[in-house]
Amino acid sequence: MTARIQVQREARRDEVMEVRIVIQHPMETGFRYDSLGRQTPRNVIYSFECRYGGVEVFRASMGAGIAANPYLRFFVRAEQSGDIECRWVDQENTSGYVSAPVTVTREISAPAGARGRSEGL
């Protein structure tokens with residue numbers, strides 16, 4: 001199973017970050033039949049978890065109602081630099097893993113063109 005994760009690489013402390021992940025998986029329900037009339041075995045991702053800096057921040061239990069190639073989107077507050085690590089397991093006990101690094105800065109940057117004092121007053 002391959003996956004793609006999207007998360008901003010840099011964030012300010014306490015900024016809310018969006019995490020998006022898509023997992024390539026057939027999410028077979030077990031209700032379909034092949035060309036020979038045999039039932040296709042059920043195989044869905046049943047466990048998904050995400051950790052940020054080693055702490056669990058998101059968990060999902062999935063079932064047959066989830067479409068193929070599941071897409072998940074959730075939000076995490078930036079606290080410290082570290083990896084966002086996502087793991088999942090399907091009913092054939094095949095597991096997957098994807099991660100993305102996040103660098104957290106402490107200072108709040110001023111908008112472009114901003115200055116520390118008022119001009120012209």
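The values are calculated or read from the model by the stated rules, or taken from the named source; none is laboratory data. What you are looking at is a predicted structure, and each value in this text was computed from that prediction instead of being measured. For neighbour counting, all protein chains shown are included, and Cβ atoms are generated from backbone atoms with ideal geometry for every residue, glycine included.
Key figures
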quantity	calculated
Selection within segment 75-95 - within 19 Å of E10 (Cβ to Cβ) and under 16 Å from the mean Cα position of the chain (by Cα)	F75, V76, R77, A78, G82, D83, I84, E85
Hits in segment 13-31 - residues which are farther than 17 Å from C50 by Cβ and loosely packed, with under 12 Cβ neighbours inside 10 Å	D14, F31
Filtered residues of segment 59-92 (kept if outside any loop (DSSP other than H, G, I, E, B), surrounded by fewer than 18 Cβ atoms within 10 Å (Cβ to Cβ) and either of a type in the set (A, V, I, L, M, F, W, C) or without any contact (Cβ under 8 Å) to a residue 24 or more places away in the chain (or both))	R59, A60, S61, F74, F75, V89
Scope segment 1-12; condition in a loop (DSSP other than H, G, I, E, B), surrounded by 13 or more Cβ atoms within 10 Å (Cβ to Cβ) and either β-branched (V, I, T) or modelled with pLDDT of 95 or more (or both); matching residues	V7, Q8
